[in-house]
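Inspection log for the structure reproduced underneath, given as structure tokens.
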Amino acid sequence: MSKYLLDKFLFTVDRDPALVERYREDPRGTVAFWEENWAGRILGCHEGESSTWLRFDDTEREALATHDYPRLFALGAHPFLTLTLFIGMFERDHEPLGFQREYARRLAHVTLPYPDIAT
């Protein structure tokens, strides 16, 4: 499991409006595309710098492919990254602040101490 890779996915997808829409419409395909084309890129480096060891495990891949943000939180994905990305994808389907309330409701079972979000 790699909290770093989960956070990297959330961070990079959230910053590209086309990827946000692609992830909304085809989450499984977007996860596969991103893993193949972006997972090995080293942040802050040019395209020629990459690594071959970074891959999602099956649990991470399934949580991303099903937009399961409570599971992503349990896996250690940073809650601010999940919240901002999923707001961008699903806020339009709810009344004002409706998605944020839904996010809080679905994570209400989580108690302190929260899962470790350090990478």
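The values are calculated or read from the model by the stated rules, or taken from the named source; none is laboratory data. Being a predicted model, the structure only gives us computed values, none of them experimental. Note that we place each Cβ from the backbone using ideal geometry, even for glycine, and neighbour counts take in every protein chain shown.
Points to keep in mind about this one:
- Pairs meeting the criteria (first residue in the range 1-26 and closer than 18 Å to Arg92 by Cα and in contact (Cβ under 8 Å) with a residue 12 or more places away in the chain, second residue acidic (Asp, Glu) and surrounded by 16 or more Cβ atoms within 10 Å (Cβ to Cβ), beta carbons under 6 Å, at least 6 apart or on different chains) are lacking.
- The set of residues in the range 20-36 being within 22 Å of Asp58 (Cβ to Cβ) and part of a helix (DSSP H, G or I) consists of Arg22, Tyr23, Pro27, Arg28, Gly29, Thr30, Val31, Ala32, Phe33, Trp34, Glu35, Glu36.
- Residue in the range 2-23 that is modelled with the lowest pLDDT, counting only those that are surrounded by 17 or more Cβ atoms within 10 Å (Cβ to Cβ) and of a type in the set (D, E, K, R): Lys3
- Complete set of residues in the range 51-93 that are surrounded by fewer than 16 Cβ atoms within 10 Å (Cβ to Cβ), outside any helix (DSSP H, G or I) and either at pLDDT below 95 or hydrophobic (A, V, I, L, M, F, W, C) (or both): Ser51, Thr52, Trp53, Arg55, Asp57
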